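The values are calculated or read from the model by the stated rules, or taken from the named source; none is laboratory data. These figures come from a predicted structure and were not determined experimentally. All Cβ positions, glycine included, derive from the backbone under ideal geometry; neighbour counts span all protein chains shown.
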Amino acid sequence: MIARLRLDPGTSGIGLTSQRVRDRLIERLREQGIRNEHVLSAIRNVPRHVFMDEALAQRAYEDSAFPIGHGQTISQPWVVARMTELILDVPVPPRKVLEIGTGSGYQAAILASLGLQVHTVERIGALLRGARKVLRGLGYNVRSKHDDGRAGWAEHGPFDAIVVTAGAAALEPALLDQLAVGGTLVAPVGAGGTQTLLRVRREDDGQLRQDMLEPVVFVPLLAGVIDG
Ligand code: SAH
């Protein structure tokens, strides 16, 4: 008798990128406090291994950050899930979102898979080219630009949500200026290697409300643009 293989689009269907391995990651994220079912489904469905180097792809469903070249990393699934659930935790769901630090494109894919209009900015040209290729290959419609994201993307603002995926000692004022009323910004803020996740909400009366949440680790938000 010939064994029949059921192949899942976007997964090999076998080995370490299989659905079972992804389900284990989802269980772990639940244990670590992620509650939003839409976010958990997005993490289950978006193939993280496609955003990683082949040599590391078998570890893609571990809850860890991994190198993606150029001294940068693909964020840990827990932190991607946490930032995403924070921007969704509002009375009126966001539609337009800005991400600073495209990196591998994984966080952008999670946001796009949730139906958000994603705008993302990356300072390293080679990473952006790679991310664009993967995102296009998976059919995600994401707007991206090669620039220093500290200035945001004013032409497309204001944004209902802003997700900063690189750490800085302080929040960039230009980003706050591009946050819509009712919108949420999340960013790792702090000096040295570790930062704290900062959430800023622009309330309906225009006032800003800030909450310092959990400790996180991100690569630094750097000035300028690199072509290579
Ligand atoms: N969101 C990414 C995480 C990548 S790590 C992912 O899901 O894979 C952070 C990224 O921020 C790196 O690619 C780094 O090059 C980029 N970065 C750092 N400073 C930046 C800046 N000023 N503008 C745009 N991107 C920046």
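Going through the range 19-72 one residue at a time, which ones are within 29 Å of ASP89 (Cα to Cα), among the polar types (S, T, N, Q) and part of a helix (DSSP H, G or I)? Listed by number, the residues that qualify are GLN19, SER41, ASN45.
Which members of the range 1-18 meet the condition of being part of a loop (DSSP other than H, G, I, E, B) and either under 26 Å from GLY139 (Cα atoms) or at pLDDT 85 or above (or both)?
First, pick out the residues of the range 1-18 that are part of a loop (DSSP other than H, G, I, E, B): 1-14, 18.
Listed by number, the residues that qualify are LEU5, ARG6, LEU7, ASP8, PRO9, GLY10, THR11, SER12, GLY13, ILE14, SER18.
Tell me whether the range 132-152 contains one or more residues that are in a helix (DSSP H, G or I), of a type in the set (A, V, I, L, M, F, W, C) and near the ligand (Cβ under 7 Å from one of its atoms). Checked against the condition, which is being in a helix (DSSP H, G or I), of a type in the set (A, V, I, L, M, F, W, C) and near the ligand (Cβ under 7 Å from one of its atoms), the range 132-152 yields no hits at all. Determine whether the range 81-90 contains at least one residue that is aliphatic (A, V, I, L, M), touching a Pro at 6+ places or on another chain (Cβ under 8 Å) and within 13 Å of ALA161 (Cα to Cα). Yes: the range 81-90 contains one or more residues that are aliphatic (A, V, I, L, M), touching a Pro at 6+ places or on another chain (Cβ under 8 Å) and within 13 Å of ALA161 (Cα to Cα). Residues considered: PRO173, PRO188. Of these, the only one that is modelled with pLDDT of 95 or more, exposed (fewer than 14 other Cβ atoms within 10 Å of the Cβ) and within 15 Å of the ligand (Cβ to nearest atom) is PRO173. Taking the criterion of being part of a helix (DSSP H, G or I) and more than 10 Å from the chain's Cα centre (by Cα), the residues of the range 78-92 that qualify are TRP78, GLU85, LEU86, ILE87, LEU88. With respect to the conditions (1) more than 15 Å from the chain's Cα centre (by Cα); (2) closer than 14 Å to SER104 by Cα; (3) hydrophobic (A, V, I, L, M, F, W, C); (4) part of a strand (DSSP E or B), ALA126 falls short on a single one, namely (4).
Within the range 78-126, the set of residues being acidic (Asp, Glu), within 7 Å of the ligand (Cβ to nearest atom) and touching a residue at least 60 places away in the same chain (Cβ under 8 Å) comprises just one member, GLU99.
So which residues in the range 198-228 are more than 14 Å from the ligand (Cβ to nearest atom), in contact with a strand residue (DSSP E or B) (Cβ under 7 Å, 6 or more places away or on another chain) and not basic (Lys, Arg)? Within the range 198-228, LEU198, VAL200, GLU203, ASP204, GLY206, LEU208, GLN210, ASP211, MET212, LEU213, GLU214, PRO215 meet the criteria. Listed by first and then second residue, the pairs linking a residue in the range 30-46 that is surrounded by 13 or more Cβ atoms within 10 Å (Cβ to Cβ) to a residue that is of a type in the set (Asp, Glu), with Cβ atoms under 6 Å apart and 6 or more places separating them unless they lie on different chains, are ASN36/GLU85; VAL39/GLU85.
Looking at the structure I just gave you, is GLY183 touching a Lys or Arg at 6+ places or on another chain (Cβ under 6 Å), more than 9 Å from the ligand (Cβ to nearest atom), of a type in the set (Gly, Ala, Ser) and in contact (Cβ under 8 Å) with a residue 40 or more places away in the chain? Yes: the conditions hold for GLY183.
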